[in-house]
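Student: Take this structure, written in structure tokens, and hold onto it; I'll ask about it next.
The values are calculated or read from the model by the stated rules, or taken from the named source; none is laboratory data. Note that the structure is a prediction, hence the values are computed from the model and not measured. Counting neighbours? That spans all protein chains shown, and the Cβs are built from the backbone with ideal geometry, glycine included. Only protein heavy atoms, including side chains, enter the accessible area calculation; ligands, DNA and RNA are left aside. Shrake-Rupley method; radii C 1.70, N 1.55, O 1.52, S 1.80 Å.
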4 protein chains.
Amino acid sequence: MSGNTLGTLFTVTTFGESHGPAIGCVVDGCPPGMELSAEDIQPDLDRRKPGTSRHVTQRREDDLVEILSGVHEGRTTGTPIALLIRTTDARSKDYAKIAESFRPGHADYTYLRKYGIRDPRGGGRSSARLTAPAVAAGAIAKKWLREKYGVEVRGHLAQLGPNKIEFKSWDGVHDNPFFPPDPDAVALLESYMDKLRKSGDSCGARIDVVASGVPPGWGEPLYGRLDADIAQVMMGINAVKGVEIGAGFRSIEQMGTEHSDEMTPEGFLSNNAGGILGGISTGQDILVSIAIKPTSSIRLARRTIDVEGKAATIETHGRHDPCVGIRATPIAEAFLALVLVDHALRHRAQNADVKEKVKAVPAKAAKAKKREGRKLEDPDPLEA
Amino acid sequence: MSGNTLGTLFTVTTFGESHGPAIGCVVDGCPPGMELSAEDIQPDLDRRKPGTSRHVTQRREDDLVEILSGVHEGRTTGTPIALLIRTTDARSKDYAKIAESFRPGHADYTYLRKYGIRDPRGGGRSSARLTAPAVAAGAIAKKWLREKYGVEVRGHLAQLGPNKIEFKSWDGVHDNPFFPPDPDAVALLESYMDKLRKSGDSCGARIDVVASGVPPGWGEPLYGRLDADIAQVMMGINAVKGVEIGAGFRSIEQMGTEHSDEMTPEGFLSNNAGGILGGISTGQDILVSIAIKPTSSIRLARRTIDVEGKAATIETHGRHDPCVGIRATPIAEAFLALVLVDHALRHRAQNADVKEKVKAVPAKAAKAKKREGRKLEDPDPLEA
Amino acid sequence: MSGNTLGTLFTVTTFGESHGPAIGCVVDGCPPGMELSAEDIQPDLDRRKPGTSRHVTQRREDDLVEILSGVHEGRTTGTPIALLIRTTDARSKDYAKIAESFRPGHADYTYLRKYGIRDPRGGGRSSARLTAPAVAAGAIAKKWLREKYGVEVRGHLAQLGPNKIEFKSWDGVHDNPFFPPDPDAVALLESYMDKLRKSGDSCGARIDVVASGVPPGWGEPLYGRLDADIAQVMMGINAVKGVEIGAGFRSIEQMGTEHSDEMTPEGFLSNNAGGILGGISTGQDILVSIAIKPTSSIRLARRTIDVEGKAATIETHGRHDPCVGIRATPIAEAFLALVLVDHALRHRAQNADVKEKVKAVPAKAAKAKKREGRKLEDPDPLEA
Amino acid sequence: MSGNTLGTLFTVTTFGESHGPAIGCVVDGCPPGMELSAEDIQPDLDRRKPGTSRHVTQRREDDLVEILSGVHEGRTTGTPIALLIRTTDARSKDYAKIAESFRPGHADYTYLRKYGIRDPRGGGRSSARLTAPAVAAGAIAKKWLREKYGVEVRGHLAQLGPNKIEFKSWDGVHDNPFFPPDPDAVALLESYMDKLRKSGDSCGARIDVVASGVPPGWGEPLYGRLDADIAQVMMGINAVKGVEIGAGFRSIEQMGTEHSDEMTPEGFLSNNAGGILGGISTGQDILVSIAIKPTSSIRLARRTIDVEGKAATIETHGRHDPCVGIRATPIAEAFLALVLVDHALRHRAQNADVKEKVKAVPAKAAKAKKREGRKLEDPDPLEA
């Protein structure tokens, strides 16, 4: 398939450039009969949209979504759902300089090398603005997963530059611009971001995403494994350079007796697997963590070359996020939901007739802290 | 697509179970006219095969590959290349116990939940033995990449349990069972593995893979990004729990001025991007790092449940690798090569007519250490 | 893939319902650098649009196309091209009756059985109006095929109900509402259609489509054969019940000496193959013929059932084509072009390095009549 | 996808050349838990295999199938099912002449133009022998369709050269080499074939295939329509030049009142639709008819060119079918079954939760003749 369609059965085909007249997507394969209106989608777009605080880009886009098809009398019909978001605040004059030189660390260079032409206005197709259609599609996926299976997909900021944020609670994650799982961390984050913005530099971040309630059995080994497909979409999010499932890179230094999650009739005793074994969901929470690199568009002067290949320096002014990670939480949630809904459909296509002969191992409902946060280092025994 | 086909244009469809009569694959889409014989494939299979040292499983499989189709008078014809590997050393009687209970951390449980049935002999389909067909296919991919573009794909062990291995040289990587880039590390690794084996426990590992010579332009944003597709196949390798491109998780604590690779007419000044920007290759080395969890099949007793859902303990005897990471290097190389060849074909399908108007930024040939190893922390200026 | 994306590399994802606010598509994989504007697309939409004569539906839609993405400064950028067509003349009140009963021969019944819900307004998703986005995408495909390879894709009406139309010339095919290859046939067709319209009944049609200038080598056996993919898209056009390539059903009664096209250094001596052998283009004209059934929405009373399963009669008033075949010519052209561009890209992906060692057999330029028309019965020798 | 994988969820990837050491396929996506052994597959292979009468090629291949994977203790496990058929009777020396010149009407020419290389032994990849793996895969599809839905897929010869065969009964279709639905026709067919064989020429054929018991709702409009996907596989069978669904090309001259199948609470009154409306199954029999061209490998001298492009004549000796249509019946059945099983899975993936609110229209069980044969011209009213 061409590169702008995601998924096998529940597919999302996006289009648009940062400063084009509109961006959007076509969601195909959505099961019919689900209630759906723009009100179901807009909240996730609002969480992602720019201009909501001084810590993110000051571009003002309302990101209002219009449903063009696939819904009749308030319900999905099973036909493609087209979503359109008109652009309202494009200032393309800011980008003359960018059109001539390459920003270090930016896709400017590679798009031009690949296609021989690029739309430089606002980063064109490579802009993080193009995550908006996926967030909109993800809202549909989340709704179906919740209504059909009780699956919840939630994310939070886990680290901002050097500032690690301990998981305290999901409450209040969305009450500030940073999505931290600890309301007390907000003051520190604001102070850090204010200093960063003044310095003209940028920083990275870590985002954790969790899906709860996923039934055992989703995932299609060997090459449509659930963890593999999650890694695919996560690494595909702008600026992501690393993906972990469960214990992730900590697995390297774990022993088998430490890493492998023991099972009892009452449930798994830990979740180093991050809810996936052999590429198939276990029924435990699915735990994903991603590393986001610092923004490449910064005000500080950097060595580069121009389109002629000559040495140049570049300072990027205009409107940019000093840390794209701040707005990445709803994006990561959306992509996780899109992978899950696709695998829900793929699983029942092949296995709808499988009779459950095995007693399910419950996820450890009593140990919410462990499921929800990233504290997997201390696998605590069930009886502890 | 169903889950056992990998790739879009250069596709690999594998089949087989650990103790079935044969395993193999069909490689479709290979360009015609390339010289190919079993001798081109066997060396990579030999690097992966079991039983070559006391540090890996003692199962004896020659893993001899037979080419069944797609080659005429020593050249590929453009039609599917079927590769067959007969099984010679299956001892399925060892697996009665495993058929009744679930090994913690193993896909036993999830396969049975998904399909309602599983082949328990040697892990069935979920066995790491099933990476052999992909390694064979990868050898074809590597050969074409080398002959057509001069691309080299190489990997090495970077960490074994707690033992980090500094990159010294590619020389001698293949002269011992561990694939370390430092011959002096072998003694330490042997000693560590001997102790581990006696303990009955298992450990994790980190593997680094590097592709050199990849031209700029490969990768299909937004959802067929090169880094995303690499993450997909790497996370899909048995036991992998994390994937990094370039600086990976270190990006979180880097500043933009530190992470973004500056460019000069003589070349990039660093490679934190790992050779990929915006999902498209830059022309620098592609740097991938993966985390491998400790083996789940261990001799030590573990709490688990049986297929009735009742509490049980399990000790796994039989023939298992105490660290699957030891044999993972050729596997990771193969999957990276498979992604690259697929994107080489996809790129020229769409962009064969693009005229190079932009002067290429050379990869920094003089800085082999930086390209080859993982020492990206100190982006050293070109003139240093 | 979900059902609303067509193609492998050059893909078209359509959306919309007959009376929805808009219809459109996303064209992905288009090679970059081609000049493109709405003016390149509009003429084909105009040829297909309703309301242009008394012989077709009287619905008035301008079908004006807006390009939302993928074009920068008048050239394609290689990113998705989104095309939007706003609906202007929807009269959904006409459809109350249709919502309660099923039109014999219409997709009313099957959509409701499949999805449990349907949008009855104007046929919803099953309306022939949904061929408009494909026609728009096809205009892009045609332009690229023409500019890159000199391929021309043309169609004409070959039969309207009982009226067979002999091929005389491509000239004037587009100067009347019927697309006949014989200007002298127009009066007869008008008279026939006037009588048909008055009767309240409907009729079928045959359309021939020809692609000239296709190089040898396009098509991907065994399951991506060029003829197979053409049959797929043609049978997928609304109301099509049969597809032929070359001699088609006449092949049944031909002998091998009659059917198989002999070759000489000056060219093929006939074209019963319709330009495709073994699923791969020969270099001769590609000849396709399709059978279109009579419209199911007719004014005459028919026996049917209602949504409760009770016996009913139905007469369909409102605005309908008495012969959908009349407007099918540009649709069939578009789909043929879409298959060809996809295969052009697929072919060069795998085979860009194939060196032409075989001398091409020229298509018979001197025998335009035979190539263009359907008179293949009398394979006339080159020297005749 | 590359060209040798068929299907979306239930996929078949074939490999092999006519005279290679083996041919076979990988069937992926088969639902788990179904009883399966080679005995379920062999009968269909036996119906297709060569050398069973004097009317077909005298090559002797037992076509014995070996199941290499995907079955454990006699049941499918949901993992890929690999099927292997070893070649036993290859006489490649016969093909020196063919390697130098092109047989008119044969894929010799196009394979060489496409790939620059070809395996000329026995037609290589383009041989009809390569339908054997699809027939084997089709046997699995048929078994699942029968057990899960009661679907039966059956075919018969409908015309051999000029000899039309009236449908009398399914009984005895398989008791002779021709698969005719009229036992009394066998003598005529034998006599015709004996004469044809002596003449050195070849002839075409028509095959009809019928699927009974398909539930309403299968098919994925707009581009995964059931009729479109059937047309794709049928046109992809060697030598097929035309495909019809239901009334097919007769639709052209039908009026709407004649063609559109009226519905009553007791059932449809005719089946001109061939069981598919709007690309979705209606619940009636699915009726498919295909045109097969005369074999291109004939003993009579024909004008052609050699690989240097020079004029030549060619007579094809060796072992060839004078009418490939004779053995095409089980092939067409297999491909129809493969499309149906794929759509069964696709349908329930998206629509498993659809509640049947519409009363089904029964297929007309009492009118077997009409459903089974091709006599659709006279839509006879239910009460007649």
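Student: How many of the residues in region B:32-58 are under 29 Å from B:Asp321 (Cα atoms) and over 21 Å from the mean Cα position of the chain (by Cα)?
Tutor: Residues of region B:32-58 under 29 Å from B:Asp321 (Cα atoms): B:38-58.
With the extra rule that they be over 21 Å from the mean Cα position of the chain (by Cα), the set shrinks to B:54, B:58.
Final tally of qualifying residues: 2.
Student: Here is a list: D:Ser69, D:Ser101, D:Ser127. Which entry is within 14 Å of chain C (Cβ to nearest Cβ) and closer than 17 Å to B:Ala82 by Cβ?
Tutor: Values: D:Ser69 fails: within 14 Å of chain C (Cβ to nearest Cβ); D:Ser101 fails: closer than 17 Å to B:Ala82 by Cβ.
Result: D:Ser127 is the single residue among D:Ser69, D:Ser101, D:Ser127 that is within 14 Å of chain C (Cβ to nearest Cβ) and closer than 17 Å to B:Ala82 by Cβ.
Student: A follow-up question, please. When only residues in region B:190-209 that are more than 14 Å from chain A (Cβ to nearest Cβ) and in contact with a Phe, Trp or Tyr (Cβ under 9 Å, 6 or more places away or on another chain) count, which is surrounded by the most Cβ atoms within 10 Å (Cβ to Cβ)? Spell out how you get there, then give the answer.
Tutor: First pass over region B:190-209, keeping only residues more than 14 Å from chain A (Cβ to nearest Cβ): B:190-191, B:194, B:209.
Filter once more, keeping what is in contact with a Phe, Trp or Tyr (Cβ under 9 Å, 6 or more places away or on another chain): B:190, B:209.
Working: B:Glu190: 16, B:Val209: 25.
My answer is B:Val209.
Student: Among the numbered criteria (1) open to solvent by 40 Å² or more (accessible area, probe 1.4 Å); (2) within 12 Å of chain C (Cβ to nearest Cβ), which single criterion is violated by D:Arg121?
Tutor: (2)
Student: Still on this structure, please answer the following. What's the number of the condition B:Ile298 fails, among (1) of a type outside the set (Asp, Glu); (2) more than 8 Å from chain A (Cβ to nearest Cβ); (3) farther than 21 Å from B:Glu333 by Cα; (4) in contact (Cβ under 8 Å) with a residue 24 or more places away in the chain?
Tutor: B:Ile298 satisfies all of (1) of a type outside the set (Asp, Glu); (2) more than 8 Å from chain A (Cβ to nearest Cβ); (3) farther than 21 Å from B:Glu333 by Cα; (4) in contact (Cβ under 8 Å) with a residue 24 or more places away in the chain except (2).
Student: If a residue must be in contact with a helix residue (DSSP H, G or I) (Cβ under 6 Å, 6 or more places away or on another chain), outside any strand (DSSP E or B) and more than 8 Å from chain B (Cβ to nearest Cβ), how many such residues does region D:72-83 contain?
Tutor: 0
Student: Checking the conditions here, which among C:Arg154, C:Arg146, C:Arg86 is farther than 24 Å from D:Gly256 by Cα, away from chain D (no Cβ under 14 Å) and without any contact (Cβ under 8 Å) to a residue 12 or more places away in the chain? Give the derivation first.
Tutor: Working: C:Arg154 fails: without any contact (Cβ under 8 Å) to a residue 12 or more places away in the chain; C:Arg86 fails: without any contact (Cβ under 8 Å) to a residue 12 or more places away in the chain.
After ruling out the rest, the residue left standing is C:Arg146.
Student: Something else: Out of everything in region D:240-256 that is open to solvent by 20 Å² or more (accessible area, probe 1.4 Å) and hydrophobic (A, V, I, L, M, F, W, C), what residue ends up being nearest to D:Gly325 (Cα to Cα)? Walk me through it before giving the result.
Tutor: First pass over region D:240-256, keeping only residues open to solvent by 20 Å² or more (accessible area, probe 1.4 Å): D:249-250, D:253, D:255.
Pick out the ones that are also hydrophobic (A, V, I, L, M, F, W, C) and you get D:249, D:255.
Numbers: D:Phe249: 20, D:Met255: 32 Å.
Per the stated criteria, the residue is D:Phe249.
Student: Given C:Gly283, C:Gly318, which one is over 30 Å from D:Glu262 (Cα atoms) and not in a helix (DSSP H, G or I)?
Tutor: Details: C:Gly318 fails: over 30 Å from D:Glu262 (Cα atoms).
Step by step, each of C:Gly283, C:Gly318 is checked, and only C:Gly283 is over 30 Å from D:Glu262 (Cα atoms) and not in a helix (DSSP H, G or I).
Student: Sticking with this one: Just a yes or no: is a residue in region A:86-93 open to solvent by less than 40 Å² (accessible area, probe 1.4 Å) and not in a helix (DSSP H, G or I)?
Tutor: Yes, region A:86-93 contains at least one residue that is open to solvent by less than 40 Å² (accessible area, probe 1.4 Å) and not in a helix (DSSP H, G or I).
Student: Applying the selection to region D:235-256, what residues are more than 7 Å from chain C (Cβ to nearest Cβ) and not in a loop (DSSP other than H, G, I, E, B)? So that I can check it myself, show each step before the final result.
Tutor: So in region D:235-256, the residues more than 7 Å from chain C (Cβ to nearest Cβ) come out as D:237-240, D:250.
Answer for region D:235-256, where residues must be more than 7 Å from chain C (Cβ to nearest Cβ) and not in a loop (DSSP other than H, G, I, E, B): D:Val240, D:Arg250.
Student: Right, here's the next one. Looking at region A:188-201, can you tell me whether even one residue there is under 23 Å from B:Arg206 (Cβ atoms) and in contact (Cβ under 8 Å) with a residue 40 or more places away in the chain? Walk me through it before giving the result.
Tutor: Quick first cut of region A:188-201, residues under 23 Å from B:Arg206 (Cβ atoms) only: none.
Within region A:188-201 (the criterion being under 23 Å from B:Arg206 (Cβ atoms) and in contact (Cβ under 8 Å) with a residue 40 or more places away in the chain), the answer is no, since none of the residues qualifies.
Student: Also, quick follow-up: Condition check: open to solvent by 10 Å² or more (accessible area, probe 1.4 Å) and in contact with a His (Cβ under 7 Å, 6 or more places away or on another chain). Does D:Pro177 satisfy that? Don't jump to the end; show me each part of the working.
Tutor: Numbers: open to solvent by 10 Å² or more (accessible area, probe 1.4 Å): yes; in contact with a His (Cβ under 7 Å, 6 or more places away or on another chain): yes.
So D:Pro177 passes the test.
Student: For region B:9-23, name all the residues that are open to solvent by 10 Å² or more (accessible area, probe 1.4 Å) and either more than 7 Å from chain D (Cβ to nearest Cβ) or free of Cβ contacts under 8 Å to residues at least 60 places away in the same chain (or both).
Tutor: B:His19
Student: Please determine, by comparing only the residues of region D:277-296 that are open to solvent by less than 10 Å² (accessible area, probe 1.4 Å) and of a type in the set (Ser, Thr, Tyr), which one is nearest to D:Leu196 (Cα to Cα).
Tutor: If we take residues in region D:277-296 being open to solvent by less than 10 Å² (accessible area, probe 1.4 Å) and of a type in the set (Ser, Thr, Tyr), then D:Ser289 is nearest to D:Leu196 (Cα to Cα).
Student: Looking at (1) small (Gly, Ala, Ser); (2) modelled with pLDDT of 90 or more; (3) within 27 Å of B:Glu266 (Cα to Cα), which is the only condition B:Ala328 fails?
Tutor: The failed condition is (3).
Student: Can you tell me which residue within region D:316-330, out of those that are within 12 Å of the chain's Cα centre (by Cα) and open to solvent by less than 10 Å² (accessible area, probe 1.4 Å), is farthest from D:Arg206 (Cα to Cα)? Before you say what the answer is, go through the steps one by one.
Tutor: Let us first name the residues in region D:316-330 that are within 12 Å of the chain's Cα centre (by Cα), namely D:324-330.
Filter once more, so that each one left must be open to solvent by less than 10 Å² (accessible area, probe 1.4 Å): D:325-326, D:328-330.
Details: D:Gly325: 7, D:Ile326: 9, D:Ala328: 9, D:Thr329: 9, D:Pro330: 13 Å.
Looking at the filtered set, the residue picked out is D:Pro330.
Student: Restricting to region D:281-325, name every residue that is hydrophobic (A, V, I, L, M, F, W, C) and under 24 Å from D:Ser212 (Cβ atoms).
Tutor: Just the residues of region D:281-325 that are hydrophobic (A, V, I, L, M, F, W, C), to begin with: D:286-288, D:290-292, D:298, D:300-301, D:305, D:307, D:311-312, D:314, D:323-324.
Correct list: D:Ile286, D:Leu287, D:Val288, D:Ile290, D:Ala291, D:Ile292.
Student: So, of the residues in region D:297-314 that are of a type in the set (Gly, Ala, Ser) and in a strand (DSSP E or B), which turns out to be least open to solvent (accessible area, probe 1.4 Å)? Talk me through it step by step, then tell me what you get.
Tutor: Applying the first criterion (of a type in the set (Gly, Ala, Ser)) to region D:297-314 yields D:297, D:301, D:309, D:311-312.
In the following step, the residues that additionally are in a strand (DSSP E or B) were identified as D:311-312.
Numbers: D:Ala311: 77, D:Ala312: 25 Å².
Of everything passing the filter in region D:297-314, D:Ala312 is least open to solvent (accessible area, probe 1.4 Å).
Student: Another question, if that's okay. Say we look at region C:45-77 and pick out the residues that are closer than 25 Å to A:Ile23 by Cα and open to solvent by less than 10 Å² (accessible area, probe 1.4 Å); which of these is modelled with the lowest pLDDT? Even if it seems obvious, please write down each step before you answer.
Tutor: Taking region C:45-77 and keeping what is closer than 25 Å to A:Ile23 by Cα, we get C:45, C:61-77.
Then drop every residue that is not open to solvent by less than 10 Å² (accessible area, probe 1.4 Å), which leaves C:45, C:61, C:63, C:68-70, C:76-77.
Details: C:Leu45: 96, C:Glu61: 86, C:Asp63: 92, C:Leu68: 98, C:Ser69: 98, C:Gly70: 98, C:Thr76: 98, C:Thr77: 97.
If we take residues in region C:45-77 being closer than 25 Å to A:Ile23 by Cα and open to solvent by less than 10 Å² (accessible area, probe 1.4 Å), then C:Glu61 is modelled with the lowest pLDDT.
Student: I've got another one for you. Filter region A:210-234 for residues that are within 7 Å of chain B (Cβ to nearest Cβ) and part of a strand (DSSP E or B); which is farthest from B:Ser251 (Cα to Cα)?
Tutor: A:Glu220
Student: So C:Val341 clears everything in (1) touching a strand residue (DSSP E or B) at 6+ places or on another chain (Cβ under 9 Å); (2) buried (at least 24 other Cβ atoms within 10 Å of the Cβ); (3) more than 9 Å from every other protein chain (Cβ to nearest Cβ) except one condition, right? Which one?
Tutor: (1)
Student: State all residues of region B:148-167 that are charged (D, E, K, R) and buried (at least 17 other Cβ atoms within 10 Å of the Cβ); if no residue qualifies, say none. Working first, answer last.
Tutor: Our first condition is that a residue be charged (D, E, K, R); within region B:148-167, this holds for B:148, B:152, B:154, B:164, B:166.
Once the filter is applied, which keeps residues that are charged (D, E, K, R) and buried (at least 17 other Cβ atoms within 10 Å of the Cβ), region B:148-167 yields B:Glu152, B:Arg154.
Student: Looking only at region A:24-44, count every residue that is part of a loop (DSSP other than H, G, I, E, B) and crowded, with 24+ Cβ neighbours inside 10 Å and tell me the total. Please lay out each step first, then the result.
Tutor: Pass one, region A:24-44, residues part of a loop (DSSP other than H, G, I, E, B): A:29-34, A:36-37.
Next cut, crowded, with 24+ Cβ neighbours inside 10 Å only: A:29-30.
Going through region A:24-44 one residue at a time, the tally reaches 2.
Student: Hey, any hits in region D:257-276 for a residue that's open to solvent by less than 10 Å² (accessible area, probe 1.4 Å), part of a loop (DSSP other than H, G, I, E, B) and on the phi > 0 side of the Ramachandran plot?
Tutor: Yes.
Student: Can you say whether D:Gly318 is in contact (Cβ under 8 Å) with a residue 24 or more places away in the chain, touching a strand residue (DSSP E or B) at 6+ places or on another chain (Cβ under 6 Å) and more than 9 Å from every other protein chain (Cβ to nearest Cβ), as far as the supplied structure shows? Walk me through how you get there before you give the answer.
Tutor: Working: in contact (Cβ under 8 Å) with a residue 24 or more places away in the chain: yes; touching a strand residue (DSSP E or B) at 6+ places or on another chain (Cβ under 6 Å): no; more than 9 Å from every other protein chain (Cβ to nearest Cβ): yes.
Taking the combined requirement at face value, the residue does not satisfy it.
Student: Criterion first (out of contact with any Pro (no Cβ under 9 Å at 6 or more places or on another chain) and not in a loop (DSSP other than H, G, I, E, B)) does D:Ala132 satisfy it? Step through it out loud before you land on a result.
Tutor: Working: out of contact with any Pro (no Cβ under 9 Å at 6 or more places or on another chain): yes; not in a loop (DSSP other than H, G, I, E, B): yes.
When the stated conditions are applied, D:Ala132 passes them.
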